[in-house]
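Okay, structure first, notes after.
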């Protein structure tokens with residue numbers, strides 16, 4: 001019933017060993033809540049009300065509400081999440097009870113029901129966190145004997161658990177501390193401001209550069225440390241989600257700039273003032289995310305941007321230093337625009353942005369224009385927003401889709417096996433399947449072994465306990481809270497096997513209170529868990545055994561292709577060769593799927609055959625392409641006739657998009673030939689085409705964007721070649 005510890009992405013120190021218990025205040029509070037509520041509800045239903053169905057569903061419902069679900073946010077968010085779990089669980093209890101009389105009906109209906117529950121996790125972190133708890137409300141009645149007249153009692157037990165669990169969470173939870181993602185984003189913004197200030201003052205910037213790199217890694221680690229996206233569909237959540245990518249982009253731009261211009265104190269005054277104002281805005285982003293009272297004013301940064309453009313226009317474009325001035329301006333202005341956009345997202349996240357700012361950001365987030373009614377909303381939680389998120393993941397390229405389908409098929413198979421084998425307490429088979437199923441066959445097999453080991457240990461401990469205290473009600477009632485305490489503390493704090501052992505002891509005590517059977521109940525538990533593990537292992541080997549690893553490669557390929565197309569369209573737009581605005585929708589959707597696949601891959605247990613540094617290079621390559629295209633798409637669309645000069649730049653962007661497509665074909669195996677060492681296209685100076693003076697500024701600006709991308713293409717070839725080679729190996733290797 002417990003899940004293994006989450007694998008942290010890009011850790012700054014060695015991770016704790018999976019078998020070593022850790023002290024967790026949050027787990028301790030969770031354990032105390034469950035210890036008070038679960039035995040209390042069971043006693044109320046069994047000893048006071050005298051209804052076995054109420055007692056059973058209250059006890060398991062309390063475990064689902066207080067242990068399996070871990071909702072975050074403020075108290076309002078927790079109340080909404082617990083209410084949603086109570087309502088969803090009620091529907092699932094009714095469906096599960098209605099279908100349990102037919103193994104065929106139960107198995108067939110489990111596929112869409114379980115898929116819908118698991119796939120709903122794309123909506124946000126609380127939906128993802130509550131998926132296992134909601135499934136418990138379905139598998140318990142679906143895999144247990146029961147009739148329709150039991151539905152009211154079962155619902156009564158479930159709602160007792162929901163109400164008591166919600167009150168316990170609200171009354172006994174740790175004091176809200178700042179959102180970890182906001183804290184990491186604030187620190188990243190401040191360190192980037194410090195790095196710019198140090199370079200502008202001409203002082204040593206090594207310490208600041210190290211601090212900003214560490215802060216960027218901490219931000220990415222915090223963002224990718226859970227198997228699901230830590231942001232939901234609300235406008236503030238979407239702004240934070242976008243802000244993470246923008247701050248990473250700012251860090252890349254600033255690092256690239258300082259690698260060429262180590263001493264910014266000597267650059268022209270207009271660009272130095274622009275970078276100084278960029279540092280001010282980044283520092284205000286950090287303060288705003290920290291909740292400080294900040295008077296945000298973007299007008300000075302916008303004025304400095306206009307002055308930079310005016311400075312270039314006044315220069316003699318035929319002079320020797322003009323190209324160098326454009327090159328410096330590119331670095332200064334792209335960093336400034338990224339900081340400006342980051343501040344916009346920070347204002348939205350802090351609920352200080354006006355509706356027009358919010359509506360303008362939505363196209364950047366979603367790649368589509370919302371209607372007039374939608375643009376007035378402060379929150380994107382309606383059916384349209386949910387449909388947009390679901391449509392992005394309705395693909396075999398989505399790790400959410402694959403994991404949800406794998407889980408649904410495994411649970412359906414477990415229900416069929418439990419019914420056809422006629423085992424006692426067949427729902428333990430389904431719970432065993434739910435507990436050990438992971439995103440890859442190798443991880444599922446390893447987890448199954450730990451589950452069996454933990455169950456065997458729990459059987460021994462439970463049998464010893466029953467031999468010592470007997471099956472008398474008084475002794476069992478005393479032992480039950482202690483067993484619940486350990487089992488509730490286990491998830492994320494104790495080894496997975498320890499959690500399984502503790503839950504087995506809980507089951508032994510609980511069912512001996514219902515029907516005194518002694519240690520024999522533990523034997524049934526081992527048999528059922530073994531069947532559940534076998535089902536998970538078979539399903540894991542048959543359906544997408546590589547897990548998220550292959551999906552990551554496919555999604556990187558999609559992100560490269562979509563980013564290349566978006567880039568080519570944006571270049572033509574900035575050169576005046578295209579009148580229709582570039583379409584970012586496909587690139588944004590591919591980026592979202594890649595982000596979810598990446599976090600799923602990093603959360604998988606087991607050794608990663610691909611170095612994380614190489615993986616991050618590929619992911620960063622897709623981000624560079626998309627954000628460079630976004631930067632070009634934000635330029636004005638000039639009215640100009642096609643000429644040789646503009647056509648040359650457009651052709652160069654087309655070659656770059658074709659190179660991305662060629663690289664992608666190696667990653668997703670659409671090209672099954674040998675893996676050659678790909679050669680990135682070389683940058684060609686746009687002045688070689690003989691542009692007119694009026695055209696040169698725009699063209700050089702576009703050329704600088706292309707140069708900035710092409711200089712980093714070679715670092716993608718090695719990691720892509722490694723991924724292509726790994727994909728040709730069988731999954732068990």
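Take residue 524 and tell me if it is under 20 Å from residue 411 (Cα atoms) and touching a helix residue (DSSP H, G or I) at 6+ places or on another chain (Cβ under 7 Å). Write out each step before concluding.
Values: under 20 Å from residue 411 (Cα atoms): yes; touching a helix residue (DSSP H, G or I) at 6+ places or on another chain (Cβ under 7 Å): no.
In short, no.
Residues are listed down the side, and each one gets a yes or a no for (1) within 25 Å of the chain's Cα centre (by Cα); (2) in the same structural domain as residue 45 (by TED's automatic domain parsing); (3) within 30 Å of residue 351 (Cα to Cα); (4) surrounded by fewer than 24 Cβ atoms within 10 Å (Cβ to Cβ):
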{"position": "103", "(1), (2), (3), (4)": "no, yes, no, yes"}
{"position": "108", "(1), (2), (3), (4)": "no, yes, no, yes"}
{"position": "115", "(1), (2), (3), (4)": "yes, yes, no, yes"}
{"position": "125", "(1), (2), (3), (4)": "yes, yes, yes, yes"}
{"position": "148", "(1), (2), (3), (4)": "no, yes, no, yes"}
{"position": "151", "(1), (2), (3), (4)": "no, yes, no, yes"}
{"position": "155", "(1), (2), (3), (4)": "no, yes, no, yes"}
{"position": "166", "(1), (2), (3), (4)": "no, yes, yes, yes"}
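Checking residue 550 against (1) on the phi < 0 side of the Ramachandran plot; (2) not in a helix (DSSP H, G or I), which test does it fail?
Unmet for residue 550, out of (1) on the phi < 0 side of the Ramachandran plot; (2) not in a helix (DSSP H, G or I): (2).
Matching residues to (1) within 23 Å of residue 629 (Cβ to Cβ); (2) in contact with a helix residue (DSSP H, G or I) (Cβ under 8 Å, 6 or more places away or on another chain); (3) in the same structural domain as residue 195 (by TED's automatic domain parsing):
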| site | (1), (2), (3) |
| --- | --- |
| 290 | no, yes, yes |
| 294 | no, yes, yes |
| 297 | no, no, yes |
| 302 | yes, yes, yes |
| 327 | yes, yes, yes |
| 330 | yes, yes, yes |
| 335 | yes, yes, yes |
| 338 | yes, yes, yes |
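Within the set of pairs 6 or more residues apart or between chains, which connect a residue that is at pLDDT below 80 inside region 461-480 to a residue that is in a helix (DSSP H, G or I) and surrounded by fewer than 18 Cβ atoms within 10 Å (Cβ to Cβ) with Cβ atoms less than 7 Å apart?
Pairs found: 469/475.
Return the residues of region 82-103 that are modelled with pLDDT under 90 and assigned to a helix (DSSP H, G or I); say none if nothing qualifies. Show your work before the answer.
If we filter region 82-103 for residues that are modelled with pLDDT under 90, which is where we start, we get 100-103.
Scanning region 82-103 gives a single hit, 103.
Filter region 573-602 for residues that are within 17 Å of residue 698 (Cα to Cα) and surrounded by fewer than 24 Cβ atoms within 10 Å (Cβ to Cβ) and give the result.
If we filter region 573-602 for residues that are within 17 Å of residue 698 (Cα to Cα), which is where we start, we get 573-579.
Hits for region 573-602 are 573, 576, 577, 578, 579.
With the condition kept exactly as written, say whether any residue in region 20-28 is touching a helix residue (DSSP H, G or I) at 6+ places or on another chain (Cβ under 9 Å) and crowded, with 19+ Cβ neighbours inside 10 Å. Step through it out loud before you land on a result.
Initial filter on region 20-28 (touching a helix residue (DSSP H, G or I) at 6+ places or on another chain (Cβ under 9 Å)): 21, 24, 27-28.
The next check asks that each one be crowded, with 19+ Cβ neighbours inside 10 Å; those that pass are 27.
Within region 20-28, one or more residues are touching a helix residue (DSSP H, G or I) at 6+ places or on another chain (Cβ under 9 Å) and crowded, with 19+ Cβ neighbours inside 10 Å.
Across region 653-678, which residue is modelled with the highest pLDDT among those that are over 15 Å from residue 718 (Cα atoms) and in a loop (DSSP other than H, G, I, E, B)?
668
Within the group 84, 96, 73, which residue is closer than 28 Å to residue 500 by Cα, surrounded by fewer than 22 Cβ atoms within 10 Å (Cβ to Cβ) and free of Cβ contacts under 8 Å to residues at least 60 places away in the same chain?
Numbers: 96 fails: surrounded by fewer than 22 Cβ atoms within 10 Å (Cβ to Cβ); 73 fails: closer than 28 Å to residue 500 by Cα.
Matching residue, one of 84, 96, 73: 84.
Residue by residue, here is whether (1) in contact with a helix residue (DSSP H, G or I) (Cβ under 6 Å, 6 or more places away or on another chain); (2) modelled with pLDDT under 75 holds:
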{"site": "379", "(1), (2)": "yes, yes"}
{"site": "392", "(1), (2)": "yes, yes"}
{"site": "400", "(1), (2)": "yes, no"}
{"site": "406", "(1), (2)": "no, no"}
{"site": "412", "(1), (2)": "yes, no"}
{"site": "420", "(1), (2)": "no, no"}
{"site": "424", "(1), (2)": "yes, yes"}
{"site": "428", "(1), (2)": "yes, no"}
{"site": "440", "(1), (2)": "no, yes"}
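Identify the single condition in (1) at pLDDT 85 or above; (2) touching a helix residue (DSSP H, G or I) at 6+ places or on another chain (Cβ under 6 Å); (3) surrounded by fewer than 20 Cβ atoms within 10 Å (Cβ to Cβ) that residue 628 does not satisfy, given that it satisfies every other one.
Checking residue 628 against (1) at pLDDT 85 or above; (2) touching a helix residue (DSSP H, G or I) at 6+ places or on another chain (Cβ under 6 Å); (3) surrounded by fewer than 20 Cβ atoms within 10 Å (Cβ to Cβ), the one that fails is (3).
Kindly provide the set of residues from region 282-318 that are in a loop (DSSP other than H, G, I, E, B), surrounded by fewer than 19 Cβ atoms within 10 Å (Cβ to Cβ) and over 35 Å from the mean Cα position of the chain (by Cα), ordered by number.
Those that are in a loop (DSSP other than H, G, I, E, B), surrounded by fewer than 19 Cβ atoms within 10 Å (Cβ to Cβ) and over 35 Å from the mean Cα position of the chain (by Cα): 315, 316, 318.
Within the set of pairs 6 or more residues apart or between chains, which connect a residue that is over 16 Å from residue 191 (Cβ atoms) inside region 244-265 to a residue that is assigned to a helix (DSSP H, G or I) with Cβ atoms less than 6 Å apart?
Between residues of region 244-265 that are over 16 Å from residue 191 (Cβ atoms) and residues that are assigned to a helix (DSSP H, G or I), the close pairs are 264/199; 264/200.
Look through region 597-620, keep the residues that are farther than 11 Å from residue 552 by Cβ and part of a helix (DSSP H, G or I), and return whichever of them is modelled with the lowest pLDDT.
Let us first name the residues in region 597-620 that are farther than 11 Å from residue 552 by Cβ, namely 603, 605-607, 609, 611-614, 616-617, 620.
After this cut, where a residue has to be part of a helix (DSSP H, G or I) as well, the list is 603, 612-614, 616-617, 620.
Details: 603: 66, 612: 71, 613: 73, 614: 77, 616: 78, 617: 82, 620: 83.
Top of the filtered list is 603.
The values are calculated or read from the model by the stated rules, or taken from the named source; none is laboratory data. Values in this document were obtained by computation on a predicted structure and should not be read as measured data. Glycine gets a Cβ as well: all are built from the backbone with ideal geometry, and neighbour counts include every protein chain shown.
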